[in-house]
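Scroll down for the structure; my scribbles are underneath it.
We did not get these values from a lab; they are worked out from the coordinates using the rules stated. The model shown is predicted, which means the values in this text are computed figures rather than measured ones. A quick note on method: Cβ atoms are made from the backbone with ideal geometry, for glycine too, and the neighbour counts reach across all protein chains shown.
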Amino acid sequence: MAHDPQHIKNTASSFLTAAERCFEKRPLPSGQIQAPLVPAVVCAVFGIELSLKAIIAIEKGKATGHDLLKLFIKLTPQSKVSIAAALSLEEWALRQKIGAISSAFVEWRYIYERGSAHIDLEFLQQFAKTTAQLLESLANPAVHTNTAK
């Protein structure tokens with residue numbers, strides 16, 4: 001059963017908003033800083049996953065799973081080029097960076113089992129923003145055409 005790309009987009013947007021809020025650093029009365037990093041990463045990665053799935057649905061493809069690199073590979077060549085250009089990366093370099101975070105949704109949900117993990121937070125946040133922007137432009141092309149004039 002095909003899912004409505006707009007519904008996927010709405011859910012992606014909710015998770016990306018949640019990630020942004022979790023990435024905020026809040027001072028506590030004790031003087032410590034609160035930043036729920038694990039939920040931030042999980043929400044960001046899941047938001048990216050859903051953004052990619054919505055783009056794939058708009059492009060008439062099918063996508064399942066959590067692997068971000070496999071989802072990225074399913075995008076049209078135009079979408080891949082658009083994301084790479086927005087991030088100022090060659091596609092091979094972008095694939096490497098995506099590969100490094102590709103299974104983060106599964107890994108970070110169960111971080112307590114691993115003890116620790118590493119992730120490029122700057123790339124994660126940039127990739128999240130870029131996929132959301134591409135999705136927005138594909139989902140609402142008339143809006144972006146009119147604002148570009």
Checking segment 42-110 for GluC sites (Glu not before Pro) in a loop per DSSP with at most 12 other beta-carbon atoms within 10 Å yields Glu90
Length gained if Ala117 through Ser103 is fully extended, taking 0.36 nm per residue and subtracting the Cα-Cα distance, is 3.9 nm
Partner lysines whose C-alpha sits under 26 Å from that of Lys80, ignoring same-chain residues fewer than 8 away, are Lys9, Lys53, Lys60, Lys62, Lys70, Lys97, Lys129, Lys149
Listed by chain and number, the aspartates and glutamates with an alpha carbon less than 15 angstrom from that of Lys74, same-chain partners under 8 positions apart left out, are Glu49, Glu59, Glu91
Which of Thr17, Thr64, Thr131 fluctuates most in a GNM of the chain (C-alpha springs under 10 Å)? That residue is Thr64
Long-range share for segment 86-125, i.e. C-alpha pairs more than 15 Å apart as a percent of all pairs, stands at 45
When the chain is treated as a Gaussian network with springs between alpha carbons less than 10 Å apart, the largest mean-square fluctuation among Ala40, Ala132, Ala18 is found at Ala18
Placing each pseudo-label 7 Å from Cα in the direction of the beta carbon, Ser88 and Leu28 end up separated by a distance in nanometres of 3.7
Karplus ³J(HN,Hα) for segment 22-39 (6.51 cos²θ - 1.76 cosθ + 1.60, θ = phi - 60°; Hz, whole; x = Gly/Pro) runs 5, 6, 5, 9, 10, x, 9, x, 6, x, 6, 10, 9, 8, x, 5, 4, x
For Leu37 and Ile73, extending 7 Å from Cα along the Cα-Cβ vector and measuring point to point gives, in nm, a value of 3.0
So, for the Cα atoms of the chain, Rg and Dmax in Å stand at 16.0, 52
Cα extents of segment 48-135 along the principal axes, largest first, in whole Å, come to 39, 27, 20
In deg cm²/dmol, rounded to the nearest 500, the helical mean residue ellipticity at 222 nm of the chain, built from -39500 (n - 2.57) for every DSSP H run of length 4 or more, is -21500 deg cm²/dmol
